[in-house]
1. Give me the net charge of V62's neighbourhood, meaning all other residues with Cβ under 14 Å from the Cβ of V62; Lys, Arg count +1, Asp, Glu -1.
2. With N set to the residue count of region 53-99, report its C-alpha Rg divided by 2.2 N^0.38 Å to two decimal places.
3. What range in the chain is the longest one free of GluC sites (Glu not before Pro) that are in a loop by DSSP and have at most 16 other Cβ atoms within 10 angstrom?
4. When the solvent-accessible surface of protein heavy atoms is calculated with a 1.4 angstrom probe, in what order do D33, D106, D141, D21 fall, highest first?
5. How much accessible surface area, in Å² rounded to 10, belongs to the heavy atoms of H45 with a 1.4 Å probe?
6. Skip the ligands, DNA and RNA, and give the accessible area per residue of region 23-173 with a 1.4 Å probe, whole Å².
7. Considering only protein heavy atoms, with the full assembly of protein chains and a 1.4 angstrom probe, order D138, D148 by accessible area, largest first.
8. Tabulate in residue order the Karplus-calculated ³J(HN,Hα) for region 32-44, using 6.51 cos²θ - 1.76 cosθ + 1.60 with θ = phi - 60°, rounded to whole Hz; enter x for Gly and Pro.
Amino acid sequence: MRKLVLLLAGLMSLAGCSSVDIEKYRGTTPVLDLRDYFNGTIDAHGVFQDRAGEVVKRFQVVIEASWEGDVGTLDERFTYSDGSTQRRVWTITRSGPESYIGTADDVVGQAHGEARGNALRWRYVMALPVDGKVYNVDFDDWMFLMDDKVMLNRSAMSKWGVSLGEVTLSFYKRAR
């Protein structure tokens, strides 16, 4: 019983941890405009790390992105280090001057994004298939525009406030 109480207390403390406020990035440059950066072809390279930090999978992504007004489409094609492939198509809608809503087939409900300065924070739940089962995993996804071509991305994955690992990507926008 004592172990159960300690486990629950630990989980509650993890769930209560706060993260960085997006407002801290207001005024940073270069200013990220999703409609500008995610327009054209973007290449990305990334890794999945488990909660211990071990890289468990590497991947490459080619993104074809376009916008019509305030609605964007990101067609992502993944190639993983084990030879498997995946496709995800995001529909992103600008819902305010600094906010976005996103949907994709494997996103449960909607992704909610906020942009300030050079940063974008996405929060969403993704249905992830693992060993024949599907798990709904919380993502806290941060993107930082470095210059007009390079963006860095770090996503923390968790379930019930417990870390499951991280995904790290670097994006590179091809010249038009």
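The values are calculated or read from the model by the stated rules, or taken from the named source; none is laboratory data. Values in this document were obtained by computation on a predicted structure and should not be read as measured data. Glycine also receives a Cβ, built like all others from the backbone with ideal geometry; neighbour counts cover every protein chain displayed. Side chains included, ligands, DNA and RNA excluded: accessible areas come from the protein's heavy atoms. Shrake-Rupley method; radii C 1.70, N 1.55, O 1.52, S 1.80 Å.
1. +1
2. For region 53-99, the normalised Cα radius of gyration comes out at 1.51.
3. It runs 99-176.
4. D21, D33, D106, D141
5. The accessible area comes out at roughly 100 Å².
6. Values: 8060 Å² over 151 residues.
Heavy-atom SASA per residue in region 23-173 reads 53 Å².
7. Ranked list, largest accessible area first: D148, D138.
8. Here the 3J(HN,Hα) series is 7, 10, 4, 5, 8, 5, 8, 8, x, 9, 10, 9, 9 Hz.
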